[in-house]
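Below is one structure; the comments refer to it alone.
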There are 2 protein chains.
Amino acid sequence: MADLGRRARAAAHVLALAPTPQKDRALAAMAKAIRDRSAAILAANAEDMAAARQSGVAASFLDRLELTPARIAAMADGLDVVRGLHDPVGTVLEHWTRPNGMAIERVRVPIGVIGVIYESRPNVTADAGALALKAGNAVILRGGSDSFRSTRAIQGALAAGLAEAGLPEDAIQVVPTQDRAAVGLLLQGLDGAVDVIVPRGGKGLVARVQAEARVPVFAHLDGVNHVYVDAAADLDMAKSIVLNAKMRRTGVCGAAETLLVDRAAAATHLRPLVAMLLDAGCAVRGDEAVRAADPRVTPASEDDWVTEYLDAIIAVKVVDGVEGAIAHIERHGSHHTDAIVTADAHTAETFLREVDSAIVLHNASTQFADGGEFGFGAEIGIATGKLHARGPVGVDQLTTFKYRVRGTGQTRP
Amino acid sequence: MADLGRRARAAAHVLALAPTPQKDRALAAMAKAIRDRSAAILAANAEDMAAARQSGVAASFLDRLELTPARIAAMADGLDVVRGLHDPVGTVLEHWTRPNGMAIERVRVPIGVIGVIYESRPNVTADAGALALKAGNAVILRGGSDSFRSTRAIQGALAAGLAEAGLPEDAIQVVPTQDRAAVGLLLQGLDGAVDVIVPRGGKGLVARVQAEARVPVFAHLDGVNHVYVDAAADLDMAKSIVLNAKMRRTGVCGAAETLLVDRAAAATHLRPLVAMLLDAGCAVRGDEAVRAADPRVTPASEDDWVTEYLDAIIAVKVVDGVEGAIAHIERHGSHHTDAIVTADAHTAETFLREVDSAIVLHNASTQFADGGEFGFGAEIGIATGKLHARGPVGVDQLTTFKYRVRGTGQTRP
């Protein structure tokens, strides 16, 4: 493992200085290699699938593990998308001149070596490798044990693409063992060889990474997201946003888990919103006022206000205006993504200012919490930590910066 | 300690929303309170000094601990300087509109709660408290045990200033015990109440904080900074920059510790540079080529290339051009601050691009590694970590950001 880290660091030095066209040639060659080797990748995946079936895992697990020709094509297309993104490295973020004539600029540079720990979704191998490469970083990938053969086959294609463009194959490495102790070593940072860890997967994985990592982590543990419907909300807009935020896809981290309704609108807005959710097949758990609005509502417990269902279930509560909504969100939320629906601009600004979440929205669905929807092109995840990366983590967030100072002989008095 | 954390978090919520004029009124009242209470602060400091003298600490320690009327005035003036800085909170860093009409902006917000751990320099209490406040953060301060009475007296003045402006006194708290276990609890983050730790002090303190902290740390452990004098350097400029970088103040983290001289300039530049340093009272430890240049040079061991002397000592080595200099710096440096002196623009750009340090300079002294010299107004320290804050840590670096999204009813397809 220590050797893996040293090789990643050496590769990172090369990648940090690689010109954009060379990185893009590598990404193109990687996509081609994925397409050319699809039969071999499918064969490796079939072995993973057979072993997983024997171990009796759930059908949803098998679905995430399975590769098909269409999924392989999508993986290759994803590499092309990343190739089309702007290269963040070298972007001057700020520049100014000091009274003594020194010109200072803050310029984006790669972070270095990124560790990615994920579950048995083989496509993450290509996604994470490509995003890291575009931003000039080396990656060390550790996928789920059940996808080990698939991961190796995909990584082989990526390494071939790197080599074809004259870049070090060590820029995208896979942890060569399924030993769980290897994850522990990666989380310790491999003697300073790993700059940041990105976990991709369920809460158990993220919690372990956050608890054990000795290097910074870009992650979110929970997405307990709220939609607050204010008394000044247009009811039709509120219905459309609430339905989308909860039901478009219930399993994504940007899905709404709690609906807060202004007490001043309880008489007009509460019943139609709750009926709409129930009619759409969503279970509703509510406080007393919500249960009074519809007999199908079941009682909410204190746990419901802090639960990320990731399912067709929503907790609904009546609150006292925007301040009541903000207090509830600050107490129970996970600082991921929260939305207000209101036609009152002043109330909206209060919410946008006071809710301390990575993403706050006015009159838009929480399901926009996504790097693609933000225009980042692609993302490696969403972070709720406050430092460095907050919200969608795209290529820009996989860089850091340094200061370049150009003088003409200045010395400090 | 847990209660300390909870109160800091509650204060941080208030501070995050405090308008600039209110924070500035607090800073003005804090400066006035420091001035008004200077007799009481001096009395508290006299007790600290008496106890420290009895325990037989070094004279340099006593000098850092001692407050005088002039030092108290400087502390109050420092609060006025911070008051004059721009308020970073609310600054829109980027904004764009998506094809669906959603307007997205990335806006600066406070980090939250900052823990500052420092040695027995009472003035850090005021400096750190003021910078954190300006950026809308609460702080928990833990100064050295020997300065406990001074720290409490200063914090009392700061709290009075906060109260006068209607801000919570808990925004600037001092750990109320000298028990060393309290530092451990602070480094654990007080159950999520602390967002980042800033250590201010010597290597022992910083190393302990980096090893034990379970929250992010803004710090630098070493400042093994280099000046590389290229063959194309103007000798007079090289002499002036090297002398300033090493000797202006030898104890600051931006001081140069190693001089690298291009082999192609050894015949012309090495001897005058080494003689100048020796004549200025700087001990020179060199490789064979350097020793040949002046008989007063003593041999350098491998350790010298990685030593931060913080003293009138310099290690000098002859390297093969800019690539040799970069290789030496990447191998032995601490990624803090490194400079090249050359009249060749192409060589300079190679150095600025390839040296992976927080600050890289061309034709300027490494002693400019300072928030004030960068125009940040004030700094809480210098960071060599790659994430979030890198280089001088000023008020901007004590903020994070969030995304505000303004829509007109958008839902995600």
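The values are calculated or read from the model by the stated rules, or taken from the named source; none is laboratory data. These numbers come from a predicted model, not from an experiment. Here Cβ is always computed from backbone atoms with ideal geometry, including for glycine, and neighbour counts include all displayed protein chains.
Cβ-Cβ contacts under 8 Å between residues 6 or more apart (or on different chains), taken from a first residue in the stretch A:91-117 that is assigned by TED's automatic domain parsing to the domain that holds A:ALA12 and on the phi > 0 side of the Ramachandran plot to a second residue that is hydrophobic (A, V, I, L, M, F, W, C) and surrounded by 16 or more Cβ atoms within 10 Å (Cβ to Cβ), are listed as A:GLY112/A:ALA12; A:GLY112/A:ALA16; A:GLY112/A:ALA138. Scanning the stretch A:79-119 for residues that are within 30 Å of A:ARG152 (Cα to Cα) and either more than 9 Å from chain B (Cβ to nearest Cβ) or part of a strand (DSSP E or B) (or both) yields a total of 20. Taking first residues from the stretch B:48-59 that are basic (Lys, Arg) and partners that are surrounded by 10 or more Cβ atoms within 10 Å (Cβ to Cβ) and in a helix (DSSP H, G or I), the Cβ contacts under 8 Å between residues at least 6 apart in sequence or on separate chains come to B:ARG53/B:LEU62. For B:LYS402, the conditions (1) crowded, with 24+ Cβ neighbours inside 10 Å; (2) at the interface with another protein chain (Cβ under 7 Å from one of its Cβ atoms) are fulfilled apart from (1). Only residues that are small (Gly, Ala, Ser), at pLDDT 95 or above and either on the phi > 0 side of the Ramachandran plot or in a loop (DSSP other than H, G, I, E, B) (or both) were counted in the stretch B:149-192, giving 2. Can you work out which of the residues in the stretch B:196-212 that are within 18 Å of the chain's Cα centre (by Cα), within 14 Å of chain A (Cβ to nearest Cβ) and in contact (Cβ under 8 Å) with a residue 24 or more places away in the chain is surrounded by the fewest Cβ atoms within 10 Å (Cβ to Cβ)? It comes out as B:VAL209. Of all residues in the stretch A:335-364, those satisfying the criterion of being among the small types (Gly, Ala, Ser) and under 10 Å from B:VAL405 (Cβ atoms) are A:ALA339, A:ALA364. Of the residues making up the stretch A:352-380, just one is crowded, with 24+ Cβ neighbours inside 10 Å and under 23 Å from A:THR91 (Cα atoms), namely A:ILE380. Just to be sure before I move on: is A:THR68 more than 24 Å from A:GLU119 (Cβ to Cβ), in the same structural domain as A:VAL89 (by TED's automatic domain parsing), of a type outside the set (Lys, Arg) and at pLDDT 95 or above in the structure I sent? Judged against the criteria, A:THR68 is not a match. Scanning the stretch A:167-177 finds no residues that are polar (S, T, N, Q), surrounded by fewer than 18 Cβ atoms within 10 Å (Cβ to Cβ) and touching a Ser or Thr at 6+ places or on another chain (Cβ under 7 Å). Within the stretch A:344-381, the set of residues being of a type in the set (Val, Ile, Thr), facing chain B (nearest Cβ under 9 Å) and in a loop (DSSP other than H, G, I, E, B) comprises A:VAL355 only.
Within the option set B:LEU67, B:LEU42, being touching a Pro at 6+ places or on another chain (Cβ under 8 Å), part of a loop (DSSP other than H, G, I, E, B) and not aromatic (Phe, Trp, Tyr) holds for one residue only, B:LEU67.
All conditions in (1) crowded, with 22+ Cβ neighbours inside 10 Å; (2) touching a His at 6+ places or on another chain (Cβ under 8 Å) hold for B:LEU387, with the sole exception of (1).
Against the conditions (1) in contact (Cβ under 8 Å) with a residue 12 or more places away in the chain; (2) within 10 Å of another protein chain (Cβ to nearest Cβ); (3) under 24 Å from A:LEU398 (Cα atoms), B:THR384 satisfies every one except (2).
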